[in-house]
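The values are calculated or read from the model by the stated rules, or taken from the named source; none is laboratory data. Fair warning: this is a prediction, and the values are worked out from it, not measured in the lab. Note that we place each Cβ from the backbone using ideal geometry, even for glycine, and neighbour counts take in every protein chain shown.
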Amino acid sequence: MIKKKKIISFQGVYGAYSDLVCRKFFKDYETLPCKSFEDTLGSIQTEKAHLALIPVENSIAGRVSDMHFLLRDIKLKIIHEFYHKIEHNLLAKKKTNLSEIKEVYSHEQALAQCKNNLKILKIKPRKYIDTAGAAKYISLSKKKNIGAIASALASKIYNLKIIKNNIEDEEFNITRFLVFAKDYMQIKTKRNVRTTIVFETKNIPASLYNALGGFAKRKINLSRLESFVVDSDFKKSSFLADIECHPEKKEFKDSLIELKRYSNSVRIIGYYKAKDPNSNK
């Protein structure tokens, strides 16, 4: 059973960027680390957590791998979105200098976001399951010539020093996070609301064009549209879409009727206040 203390789960170990974002936006919650995205979302179903936070896309590296498959089958609801500026730090043991580091460990996305600077520094990238896990690994390792790319929070938790701040290649390095719960959250306003849907189009010519035609006709913007194949013969495709409209508005409902006409299935998996990627709040 869920403890009385409010809990939000995330993928990774303490000090992960997801942990940092949980602590930033949910200050009255305890954070719960989980091994995988499936375990993170499952923690709500098993009543280990009230909420779950998941990264879904990054301004440099693109979408987070396999998240679209999880969202396709998910029973939970999206209730918030947050954008967070990722500030990668090169971490090492207290007595290690930058010139001594020959290898750096981190999650593959973090390494991808820092690859140009790593080339300049002549440091070899080494993949690790996550950023904070890499920080924990080098803190326990006997090697002195290795480092990790992780958050400033990870440096504090694992007693490492920051050798180089902001080692990411691009200054505009923003990750979008979604927060999940068992039920929809009621939103008082119908302005600046984003609705996320998953739908599977029928295998007929121009099905996607016609399915989305209702939104275009009513001047409803789609800020995100991703496709993924759902069977082995590549004849069925599902789509994940973020729509700039409250689902209770008449124009959304009318557009949904047209969407369903050309789809095998349609599900609304959340609606929430749309945030500005540049606000970081």
Is it fair to say Lys235 is at pLDDT 95 or above and assigned to a loop (DSSP other than H, G, I, E, B)? no
Name the single residue that is farthest from Pro55 (Cα to Cα) among those in segment 78-107 being aliphatic (A, V, I, L, M) and assigned to a loop (DSSP other than H, G, I, E, B). Ile101
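Taking the conditions exactly as written (surrounded by 16 or more Cβ atoms within 10 Å (Cβ to Cβ) and either not aromatic (Phe, Trp, Tyr) or not assigned by TED's automatic domain parsing to the domain that holds Gly147 (or both)), does Ile120 satisfy them or not? Spell out how you get there, then give the answer.
On the way: surrounded by 16 or more Cβ atoms within 10 Å (Cβ to Cβ): no; either not aromatic (Phe, Trp, Tyr) or not assigned by TED's automatic domain parsing to the domain that holds Gly147 (or both): yes.
No; evaluated as a whole, the condition is false for this residue.
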Residue count, segment 150-182 (criterion: touching a residue at least 12 places away in the same chain (Cβ under 8 Å) and in a loop (DSSP other than H, G, I, E, B)): 13
Check off (1) assigned by TED's automatic domain parsing to the domain that holds Ile269; (2) surrounded by fewer than 14 Cβ atoms within 10 Å (Cβ to Cβ) for Lys188 and give me the number that stays unchecked. (1)
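Taking Ser139 as the residue in question, decide whether it is within 13 Å of the chain's Cα centre (by Cα) and not assigned by TED's automatic domain parsing to the domain that holds Ser238.
Working: within 13 Å of the chain's Cα centre (by Cα): no; not assigned by TED's automatic domain parsing to the domain that holds Ser238: yes.
Here the answer is no, as Ser139 does not meet what is asked.
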Please tell me if Phe228 is buried (at least 17 other Cβ atoms within 10 Å of the Cβ) and closer than 25 Å to Phe177 by Cα. no
Scan segment 238-254 residue by residue and report those that are modelled with pLDDT under 95, assigned to a strand (DSSP E or B) and farther than 18 Å from Ala206 by Cβ. Leu240
Working only within segment 108-144, note down all residues that are among the basic types (Lys, Arg), touching a residue at least 24 places away in the same chain (Cβ under 8 Å) and in a helix (DSSP H, G or I). Lys115, Lys136
If Lys188 passes every condition in (1) in a strand (DSSP E or B); (2) more than 25 Å from Glu57 (Cα to Cα) but one, which one does it miss? (1)
Residue by residue through segment 162-192, note down the ones that are β-branched (Val, Ile, Thr) and under 19 Å from the mean Cα position of the chain (by Cα). Ile174, Thr175, Val179
Working only within segment 25-76, note down all residues that are more than 20 Å from Met185 (Cα to Cα), in contact (Cβ under 8 Å) with a residue 40 or more places away in the chain, out of contact with any helix residue (DSSP H, G or I) (no Cβ under 9 Å at 6 or more places or on another chain) and assigned to a loop (DSSP other than H, G, I, E, B). Ser59
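Being within 25 Å of Ser279 (Cα to Cα) and either out of contact with any Pro (no Cβ under 8 Å at 6 or more places or on another chain) or surrounded by fewer than 22 Cβ atoms within 10 Å (Cβ to Cβ) (or both): is that true of Ile86 here? Please lay out each step first, then the result.
Working: within 25 Å of Ser279 (Cα to Cα): yes; either out of contact with any Pro (no Cβ under 8 Å at 6 or more places or on another chain) or surrounded by fewer than 22 Cβ atoms within 10 Å (Cβ to Cβ) (or both): yes.
Taking the combined requirement at face value, the residue satisfies it.
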Looking at segment 255-265 only, could you name the residues that are exposed (fewer than 15 other Cβ atoms within 10 Å of the Cβ) and at pLDDT 95 or above? Ile257, Lys260, Arg261
